[in-house]
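The values are calculated or read from the model by the stated rules, or taken from the named source; none is laboratory data. If you're wondering where the values come from, they're calculated on a predicted model, not measured in any experiment. Backbone-built Cβ (ideal geometry, glycine too); neighbour counts: all protein chains shown. In case anyone asks, the SASA skips ligands and DNA or RNA and just uses the protein heavy atoms, side chains included. Shrake-Rupley method; radii C 1.70, N 1.55, O 1.52, S 1.80 Å.
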2 protein chains.
Amino acid sequence: MRLQAKPFDAQIFAQFGDVICARQMPDKMINQGKCARYHNLAKLDFVGDGRAGISLFDAEPRALPYRLEMMERHPLGSQAFLPLHEHPFLVVVAEDDNGQPSNVQAFITPPSVGVNYHCNIWHGVLTPLEAPGLFAVVDRIGNDKNLEEFWFDEDMVIEK
Amino acid sequence: MRLQAKPFDAQIFAQFGDVICARQMPDKMINQGKCARYHNLAKLDFVGDGRAGISLFDAEPRALPYRLEMMERHPLGSQAFLPLHEHPFLVVVAEDDNGQPSNVQAFITPPSVGVNYHCNIWHGVLTPLEAPGLFAVVDRIGNDKNLEEFWFDEDMVIEK
């Protein structure tokens, strides 16, 4: 099955997570007017005794067409990806249909934009499209099993 | 008073906060070996009923020599700065001497490196040295007063 990666659509993405980007107007100007603060842009949600932590992910850049073999979700926590560079990256999300990803959608982010997948939302693994593939990740730090994978019977090919 | 900005020294910085950067060895390889995870790199610490949140700061770039007029600290929480670009930025920290910053030190970060100021550590405001001055910030979301400023009688000039 072939799927086209679309330009990022914040309204569609809202059902899967938060777009972390500067809005039209800052919530507050700080530091004597020299810094705009866009406040509290992501719903961080960590179940049980897990808590927020900052990690770094350094991922191998991929290219389009990209073969999507699996998707994953984290039942115990949200997961935010913040690019430590100005390159777009590929975001793949899906609805859930009885424990399986359904209605898969692919987007290419604008530069300098992060995403926060809400708790238990199906998403593709981190797929930068250029080097460096370095991201700060804010997700759940805890010892419980927080990863569910779904491997497709047939790969999906995501193209431009 | 003049002060020289030094190359970033993670060992000295450790008394003020955490360096958020890829270590020599990842803690774990994930995503079928295609992504290195450097796990839980910052001590997030939020007092009272505050909690972690992700905001964006968009700050006006500054230049060296930079006139440091004030420093600030956050008594109720740590504050992490994650550059959404590959440019170095200026980091200013100080020890505390009876409620006043003392022994001020200035560093220039390497590219793709973030910092997390620990709770109540004196630091300068966000000072990118190039545009864009865009950073993701992980700090305390809450309603209490969480900002203390100290204005110097005499400015400090930070130079290369």
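Observations on the structure shown:
- In segment B:45-59, the residues that are more than 10 Å from chain A (Cβ to nearest Cβ) reach residues that are in a strand (DSSP E or B) and open to solvent by less than 50 Å² (accessible area, probe 1.4 Å) with C-beta atoms within less than 7 angstrom, at least six apart or across chains, in these pairs: B:D45/B:G77; B:V47/B:G77; B:G50/B:G77; B:G50/B:R140; B:G50/B:I141.
- Segment A:88-110, residues that are under 22 Å from B:V138 (Cα atoms) and more than 14 Å from the chain's Cα centre (by Cα): none
- Condition met for B:N116 (more than 23 Å from A:L82 (Cβ to Cβ), polar (S, T, N, Q) and modelled with pLDDT of 95 or more): no
- Residues located in segment A:15-37, provided they are under 13 Å from A:G114 (Cα atoms) and either within 7 Å of chain B (Cβ to nearest Cβ) or open to solvent by 20 Å² or more (accessible area, probe 1.4 Å) (or both): A:D18, A:I20, A:C21, A:A22, A:R23
For every residue, the table says whether it meets (1) part of a strand (DSSP E or B); (2) on the phi > 0 side of the Ramachandran plot; (3) surrounded by 19 or more Cβ atoms within 10 Å (Cβ to Cβ); (4) away from every other protein chain (no Cβ under 11 Å).
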residue: B:V92; (1), (2), (3), (4): yes, no, yes, yes
residue: B:P110; (1), (2), (3), (4): no, no, no, yes
residue: B:C119; (1), (2), (3), (4): no, no, yes, yes
residue: B:D155; (1), (2), (3), (4): yes, no, no, yes
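- Residues in segment B:122-153 that are open to solvent by 20 Å² or more (accessible area, probe 1.4 Å) and in a loop (DSSP other than H, G, I, E, B): B:L129, B:E130, B:A131, B:P132, B:G142, B:N143, B:D144, B:K145, B:N146, B:L147.
- Some residue of segment B:94-105 being touching a residue at least 40 places away in the same chain (Cβ under 8 Å), within 12 Å of chain A (Cβ to nearest Cβ) and touching a strand residue (DSSP E or B) at 6+ places or on another chain (Cβ under 9 Å): no
- Residue selection: A:Q11 fails the criterion of being within 12 Å of another protein chain (Cβ to nearest Cβ) and without any contact (Cβ under 8 Å) to a residue 40 or more places away in the chain.
- B:A14 being out of contact with any strand residue (DSSP E or B) (no Cβ under 9 Å at 6 or more places or on another chain) and either farther than 30 Å from A:G124 by Cα or among the charged types (D, E, K, R) (or both): yes
- Apart from one condition, A:L68 fits all of (1) open to solvent by less than 50 Å² (accessible area, probe 1.4 Å); (2) at the interface with chain B (Cβ under 10 Å from one of its Cβ atoms); the exception is (2).
- Taken together, the criteria place B:D49 among residues that are in a loop (DSSP other than H, G, I, E, B) and open to solvent by 30 Å² or more (accessible area, probe 1.4 Å).
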